[in-house]
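The values are calculated or read from the model by the stated rules, or taken from the named source; none is laboratory data. Because the structure is predicted, anything quoted here is derived from the model rather than measured. Cβ sites come from the backbone with ideal geometry, for glycine too, and all protein chains shown count toward neighbours. To get the accessible areas, we keep the full protein, side chains included, count just its heavy atoms, and leave off ligands, DNA and RNA. Shrake-Rupley method; radii C 1.70, N 1.55, O 1.52, S 1.80 Å.
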Amino acid sequence: MSTPTLIYVPRDAAALAMDADAVAAAIELAADERGLAVQVVRNGSRGLLWLEPLIEISTPEGRLAYGPVQPEDVPALFDAGWLAGGEHPLRLGLTEEIPYLKQQERLTFARVGVIDPLSLQDYAAHGGLQGLKRALAMEPAAIVEEMVTSGLRGRGGAAFPTGIKWKTVLGSPADRKYIVCNADEGDSGTFADRLLMEGDPYVLIEGMTIAGLAVGATYGYIYVRSEYPHAIATLEAAIDRARSVGWLGDDVHGSGRRFDLEVRKGAGAYICGEETSLLESIEGKRGVVRAKPPLPAISGLFGKPTVINNVISLATVPIILAKGAAYYRDYGVGRSHGTLPFQLAGNLKQGGLVEKAFGLSLRDLLYTFGGGSASGRPLRAVQVGGPLGAYLPESQWDVPLDYEAYIQISAMIGHGGLVAFDDSVDMMRMARYAMEFCAIESCGKCTPCRIGSTRGVETLDKIAAGGPEREQQVHLLRDLCDTMLGGSLCALGGMAPYPVLSALNHFPQDFGIESSQSAVHPA
């Protein structure tokens, strides 16, 4: 019997939304009808979302891509001889040679879209476990020092140095410590966490296990938003398989060290992406922000020292341990070390995930990768960093994507999400949306956020109504933003003014004023 041809069909949520399951079924049916031996492998998404479902055929020359494939395309693809790389309008050539992929630096996402996400063998064969094996031979302080040297900063938005956080937890004596993964990916235009959890769950498990070894924690929680059912199912299956072969449990890889973890499902509140609110939720309480101090690194989950890191931060740990801190640190610019998975969304021809070293520009992402606007109209504004990120005009699209450079223009990179808008956008409406979002999602604990956001919406409505008091209302809006920036308990209220002030400063005509006034905090 001939060796079956491997056909890779993504099982990622984006591909499923575009009928990937039906495509997989059509492939198996068509192959059976023709007496052809095939094996369908359900992989993660490569991140070229405009081409989903992106189907790959394993050939002696490498994996060939076809896409976007619909169920009705399958018979013609077989007739064209796609199992041998036959020509067809949907043929894209060798997957690794597609410019969108070839121009990336995939470190954290090296296996995503390449392997069967739940195959232990695939994971180990593609470099998995190397970081953990090295960590098991190191002292905890040495692991932490490796993280400090790597320069990895939190990929969830705050960009706090990961190694410093771990060092604090390591130095906090306690009878029990925890590792918590913040997978409550709630920012608009972001999907990197989901792509990774669905496409390479073992890398997150490995990263959390290394974190446990580094700080002396024996248990972990992955807090996933309820809107990610496929990610939750994949993680739970991966944890069960990892536990069954001794990758988790009382004797990790025969080392005599203990680490185990579980998935906790969030109830959908945006505020639970804030680390202390997330801890409250895991403890079974309402998601409300805690006052600091104490820091979670000293008194976190159940009052114990806790490492809280984002999915991408923890999933990057294995490659740092496997290849050394210097290898990772040498990517990027300035104090922004390594790579970041940028997520392209909004009005772009080619939406998807792009993992690149820090230092490229927004213009590169929008045009080299994104292909310009989907509408064909000129792009006008890009919101970077989620619903609390600033709206950047074209004059700022050449600023290097670097944490410090973005602070200088009162913007943030955040989780790496960007949403593009063409010249038909009304920036005053976008500013109002940002304020209304804050008002809806506020936990209500502090007055500047709870009341300020509501008053902000009212003030923007008065500006939209026009009249002789418009300039006065604009001044009032700026004062209100200043109060929220300086007085809010957490980043929700403290950063909601970023999109509002940036829209007001860069697009004053949309507010019916002649030019931007000097802001208390420029944006």
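With label points built 7 Å along Cα→Cβ from the Cα atoms of Thr454 and Ser410, find their separation and express it in nm.
About 2.7 nm separates the two model spin labels.
At most 13 other Cβ atoms within 10 Å plus a DSSP loop assignment makes a site exposed; report the longest stretch of the chain without any exposed GluC sites (Glu not before Pro). Walk me through the intermediate numbers first.
Working: sites that count: Glu61, Glu87, Glu283, Glu469, Glu514.
Looking at the chain, 88-282 is the longest stretch - no exposed GluC sites (Glu not before Pro) with at most 13 other Cβ atoms within 10 Å.
Skipping prolines and chain starts, which residues have an amide H placed within reach, meaning under 5 Å, of the one on Asn310, given they are 5 or more residues away or on another chain?
When sequence neighbours closer than 5 places are left aside, the close amide H contacts are Arg155, Gly156, Asn182.
Carbon-plus-sulfur fraction of the accessible area of the chain, 1.4 Å probe, in percent?
Carbon and sulfur: 52 percent of the exposed surface of the chain.
Under the rule a/c < 1.5 gives rounded, and otherwise a/b versus b/c splits prolate from oblate, where does the range 159-254 land using the Cα gyration tensor?
Here the range 159-254 falls in the oblate category.
Given only helices, namely DSSP H runs of n ≥ 4 each adding -39500 (n - 2.57), what is the per-residue ellipticity at 222 nm of the chain, to the nearest 500 deg cm²/dmol? Could the numbers behind the result be given before it?
On the way: 20 runs with 201 residues, N = 523.
So the helix-based figure for the chain works out to -11500 deg cm²/dmol.
Taking square-rooted eigenvalues a ≥ b ≥ c of the alpha carbon gyration tensor, is the range 332-422 rounded, prolate or oblate, where a/c under 1.5 means rounded and, failing that, a/b exceeding b/c means prolate?
The shape class here is prolate.
Of all beta bridges DSSP finds with both residues in the range 120-330, what is the antiparallel percent, to the nearest 5? Write out the running numbers ahead of the final one.
Working: 2 of 19 bridges.
DSSP beta bridges in the range 120-330 are roughly 10 percent antiparallel.
For the chain, compute Rg over Rh where Rg is the Cα radius of gyration and Rh is the Kirkwood radius from the inverse mean 1/r over Cα pairs.
Ratio of gyration radius to Kirkwood radius for the chain: 0.99.
Please list, in chain and number order, the residues 5+ apart from Glu355 or on another chain whose amide H is under 5 Å from its amide H, with Hs placed from the backbone.
Glu105, Phe342
Here is the link list: Lys265/Lys349; Lys265/Lys292; Lys102/Lys165; Lys285/Lys356. Which ones come out longer than 29 Å on Cα distance?
With Cα atoms farther than 29 Å apart: Lys265/Lys349; Lys102/Lys165; Lys285/Lys356.
Express the accessible area of the range 59-200 per residue in Å², computed with a 1.4 Å probe while the remaining protein chains stay in the model.
39
Starting from 0.36 nm per residue, how many nanometres of slack lie between Ala465 and Ala84 once their C-alpha separation is accounted for?
Fully extending the segment from Ala465 to Ala84 adds 130.8 nm.
If you stretched the chain out fully between Gln121 and Glu283, how much longer would it get, using 0.36 nm times the residue separation minus the C-alpha to C-alpha distance?
54.8 nm
Under a plain spin-label model, where a point goes 7 Å from the Cα along Cα-to-Cβ, how far apart in nm are Asp423 and Asp21?
Distance between the two pseudo-spin positions: 4.4 nm.
Which FRET efficiency, nearest 0.05, do Thr447 and Asp175 yield, Cβ-Cβ r, R0 51 Å? Don't skip to the end; give the middle numbers.
Details: r = 38 Å, r/R0 = 0.74.
E between Thr447 and Asp175, to the nearest 0.05, is 0.85.
For Arg42, what residues show an amide H to amide H distance below 5 Å, using hydrogens built from the backbone and excluding near sequence neighbours?
Placed amide hydrogens put Val9 under 5 Å from Arg42.
First check a/c for the range 285-388, with a ≥ b ≥ c the square roots of the eigenvalues of its C-alpha gyration tensor; if it is under 1.5, answer rounded, and if not, answer prolate when a/b is larger than b/c or oblate otherwise.
Taking the square roots of the gyration eigenvalues as a ≥ b ≥ c, the range 285-388 is oblate.
Using only the alpha carbons of the range 427-511, what is the convex hull's orientation-averaged projected area in square nanometres?
So the mean shadow area of the Cα hull is 4.6 nm².
Mind checking the full-extension length gain between Arg335 and Gln472? Use 0.36 nm per residue of separation minus the Cα-Cα distance, one decimal, nm.
This chain segment gains 45.2 nm when fully extended.
Just to be sure I understand the model, the point goes 7 Å from the Cα along the line to the Cβ. What's the resulting Ser2 to Asp482 distance in nm?
Calculated label separation equals 7.6 nm.
Cut-off under 14 Å on the C-alpha distance; same-chain residues fewer than 8 positions from Lys445 excluded. Which aspartates and glutamates are left, in chain and number order?
Reachable aspartates and glutamates: Glu274, Glu280.
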